[in-house]
Amino acid sequence: MDDVLVRFPPGFHWGAALSAHQAEGGNRGNDWWRFERRPGAIRDGTTSGDACRHWERFDADFARARGYGHTMHRLSLEWSRIEPDRGRRDAAAVAHYHEVLASLRRHGLIPLVTLHHFTNPLWIADAGGWESRATLERFDEHVRFCAREYGGEVDWWCTVNEPEVAAFRAYSEGTWPPGCRDDARALGVLANLLEAHGRAYRILHDEDRADADGDGRAAVVGFAKHLPQLVPDRPWFVPDLVRARVEDRVFNAAVLEAPVTGRIALSIPGAGRVERRPPGLAGSLDYLGLNHYTRWRVRALSRLPRVAGRGAPRNDLGWEVWPEGLADAARRAARTGAPVLVTEHGLADAADARRPRALVEALLALGRAVAEGTPVLGYLHWSLMDNFEWAEGYAGRFGLEHVDFADPERPRTPRRSA
């Protein structure tokens, strides 16, 4: 076995991730809570409801994470709890997140805090959401508040999660709130989210001056990029090849380039083009968060434009299980010049039948990439426990721990993969 073993460098971060809306329960003040009540909006007909009851059970959850050997944990602060109405901060919610951060530190887990993980307060959504330029100003205010309030407890910040997914699921595919199908609007939203990242990066470095970890850095800031491989299903068929290249350009390449060069250049045939150079975006990565799950084979002139490979193993949601893809994605992410932190990786597998082997294979490949010189800072698994998986509801079980959602107490049971 010695020829296949790999070692990760000292200081490599290990852990898992959750987001507030998916795990806490009771987040009634955001656009997702309202969207879930639309008939047919959620695959299995569920709503987030009490979710995992992580709002009450966070301390025990973090204790178990530490017991698995984790050293870092990714979480999000729910904007709609902290600021339920414009300009009004909820003192109890603000205090709660101080307790959460203190619990992480007590259990020896470095917090990585995400400031926007898909959900918007209703007052933001009702004023135009991320289509509105005013939302950038409101997000600036939220970021500044969080930096000043929590900077003494947090050094690692993730500004926005998967801006490309937020834009295209909500405004192109129409499967997320507000449920639009307009590629031109999707491009505008993606551009605003990228600009918001650059602005948040500068605010966090200006406002968070406290070095919580004692490593000489008060703020380490990046964003999380969903980086699937988009390849032609039939490489010999020119329409598949062209469509794969167009999709990869707008979904992957342009998003990776923006925080490096400062240039936002987004286009889709027939939907126009968005191009701008907002101040503060260039050089706005202390690390790049990498979210990776699968590769998609792109088909032109098809009812299903993205498919899994024929005969390929699949997870419970029908996505191809392709462990070596994580290392390939890390190599591509590192071409930005920023070190890479795997902020999400995993597979929906309720039976835990494929996950253990797939994780070992993915980490072996990632370790080899690190040995070759790819700068990877750590690996955070999605997710610590089963939770509400957006439009998939509770159909996608990604957790290292099984959660019994039929039981009001939401008991957790570690899977083999934990």
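Among all positions in segment 331-348, there is no residue which is crowded, with 23+ Cβ neighbours inside 10 Å, touching an Asp or Glu at 6+ places or on another chain (Cβ under 8 Å) and of a type outside the set (A, V, I, L, M, F, W, C). The single residue among Arg263, Arg314, Arg310, Arg273 that is among the basic types (Lys, Arg) and at pLDDT below 95 turns out to be Arg310. Checked against (1) of a type in the set (A, V, I, L, M); (2) farther than 22 Å from Asp31 by Cα; (3) out of contact with any Leu (no Cβ under 7 Å at 6 or more places or on another chain), Ala244 meets all criteria but (3). Condition first: open to solvent by 40 Å² or more (accessible area, probe 1.4 Å), touching a residue at least 40 places away in the same chain (Cβ under 8 Å) and not in a loop (DSSP other than H, G, I, E, B). Now tell me which residues in segment 51-62 satisfy that. Across segment 51-62, the qualifying residues are Trp55, Arg57, Asp59. Only one entry of Ala365, Ala327, Ala353 meets the criterion of being in a loop (DSSP other than H, G, I, E, B) and either out of contact with any strand residue (DSSP E or B) (no Cβ under 8 Å at 6 or more places or on another chain) or modelled with pLDDT under 95 (or both), and that entry is Ala353.
It is to be established whether one or more residues within segment 172-192 are part of a helix (DSSP H, G or I), under 22 Å from the mean Cα position of the chain (by Cα) and of a type in the set (Phe, Trp, Tyr). So far as segment 172-192 goes, no, none of its residues is part of a helix (DSSP H, G or I), under 22 Å from the mean Cα position of the chain (by Cα) and of a type in the set (Phe, Trp, Tyr). Within segment 405-418, residues that are closer than 14 Å to Gly25 by Cβ sit with their Cβ atoms under 8 Å from residues that are of a type in the set (Asp, Glu) and in a loop (DSSP other than H, G, I, E, B), at 6+ positions apart or across chains, in these pairs: Phe405/Asp386; Pro408/Asp50; Arg410/Asp50; Arg410/Asp404.
Considering every residue within segment 78-97, establish whether at least one is of a type in the set (A, V, I, L, M) and part of a loop (DSSP other than H, G, I, E, B). Among the residues of segment 78-97, not one is of a type in the set (A, V, I, L, M) and part of a loop (DSSP other than H, G, I, E, B), which makes the answer no. Pairs linking a residue in segment 126-150 that is polar (S, T, N, Q) and open to solvent by less than 10 Å² (accessible area, probe 1.4 Å) to a residue that is assigned to a helix (DSSP H, G or I) and modelled with pLDDT of 95 or more, with Cβ atoms under 9 Å and 6 or more positions apart or on different chains, are Thr135/Ile124; Thr135/Gly129; Thr135/Asn192; Thr135/Ala196. Residues in segment 177-187 that are farther than 18 Å from Pro305 by Cα and crowded, with 20+ Cβ neighbours inside 10 Å: Pro177, Leu187. Within segment 376-404, the set of residues being without any contact (Cβ under 8 Å) to a residue 60 or more places away in the chain and surrounded by 21 or more Cβ atoms within 10 Å (Cβ to Cβ) comprises Phe398, Gly399. Here Ser76 meets the list (1) open to solvent by 40 Å² or more (accessible area, probe 1.4 Å); (2) modelled with pLDDT of 95 or more; (3) within 21 Å of Phe118 (Cβ to Cβ) almost entirely, failing just condition (1). Determine whether segment 222-245 contains at least one residue that is open to solvent by 10 Å² or more (accessible area, probe 1.4 Å), more than 26 Å from His345 (Cα to Cα) and in contact with a helix residue (DSSP H, G or I) (Cβ under 6 Å, 6 or more places away or on another chain). Yes, some residue in segment 222-245 is open to solvent by 10 Å² or more (accessible area, probe 1.4 Å), more than 26 Å from His345 (Cα to Cα) and in contact with a helix residue (DSSP H, G or I) (Cβ under 6 Å, 6 or more places away or on another chain). Among the residues of segment 7-50, those identified as under 27 Å from Leu341 (Cα atoms), assigned to a loop (DSSP other than H, G, I, E, B), open to solvent by 50 Å² or more (accessible area, probe 1.4 Å) and not charged (D, E, K, R) are Pro9, Pro10, Gly11.
The values are calculated or read from the model by the stated rules, or taken from the named source; none is laboratory data. A quick note: this is a predicted structure, and the numbers were derived from the prediction, not measured. Cβ atoms come from the backbone with ideal geometry, glycine included; neighbour counts cover every protein chain shown. Heavy atoms of the whole protein, side chains included, go into the accessibility calculation; ligands, DNA and RNA do not. Shrake-Rupley method; radii C 1.70, N 1.55, O 1.52, S 1.80 Å.
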